[in-house]
Amino acid sequence: MALTPSWPVAACIQVLIGLTFYMFHGVLQARATEALPEARGAAVSAYALALFMGTGAGALAFGAVLAAGGYRVGFAAAAGAMLIVTFASRAGLGALSRDPERTYRTNLKSNPSPSGSTSPTVGFGK
């Protein structure tokens, strides 16, 4: 975006960025719900908090960068930040098991439900 020659090119790039964010968001939300089946509500709540707080803080930071340096500097800074987020996320997801079913079974064995059942329950309260 920082190097685009015209607004139609920037619009096409923005569509691609939106598509990748959509895919990234779906994967992260799925991983949050798989992480701890017995604490699914807390995991999804923490994910939503990070998503919405990040959106608000990111808008403020991006506005400050735009005011200080203009659009080229702002988009270059955003690209650098996204590279950092991409590699940090990749490193974190790489540390997790590649087999979510195995991770799910391991979590059930190490954290059985209070009723003694091996299947997780979904509901409000205990």
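Points to keep in mind about this one:
- Residues of segment 1-55 that are over 21 Å from Ala81 (Cα atoms) and hydroxyl-bearing (Ser, Thr, Tyr): Ser6, Thr33, Ser45.
- Boolean, Gly92 is of a type outside the set (S, T, N, Q), surrounded by 10 or more Cβ atoms within 10 Å (Cβ to Cβ) and modelled with pLDDT of 90 or more: no
- For Ala50, the criteria (1) over 18 Å from the mean Cα position of the chain (by Cα); (2) closer than 26 Å to Ala91 by Cβ; (3) not basic (Lys, Arg) hold in every case but one, which is (1).
- Annotation for segment 19-34: at least one member residue is at pLDDT 90 or above and surrounded by 10 or more Cβ atoms within 10 Å (Cβ to Cβ).
- Of the residues in segment 59-72, not one is among the β-branched types (Val, Ile, Thr) and surrounded by fewer than 14 Cβ atoms within 10 Å (Cβ to Cβ).
- Of all the listed residues (Phe75, Phe52), the sole one being surrounded by 12 or more Cβ atoms within 10 Å (Cβ to Cβ), among the hydrophobic types (A, V, I, L, M, F, W, C), within 29 Å of Thr4 (Cα to Cα) and at pLDDT 55 or above is Phe75.
- Near pairs, Cβ below 9 angstrom, 6+ apart or cross-chain, from segment 55-77 (touching a residue at least 60 places away in the same chain (Cβ under 8 Å)) to any residue that is among the hydroxyl-bearing types (Ser, Thr, Tyr) and surrounded by 15 or more Cβ atoms within 10 Å (Cβ to Cβ): Phe75/Thr4
The values are calculated or read from the model by the stated rules, or taken from the named source; none is laboratory data. Because the structure is predicted, anything quoted here is derived from the model rather than measured. Glycine gets a Cβ as well: all are built from the backbone with ideal geometry, and neighbour counts include every protein chain shown.
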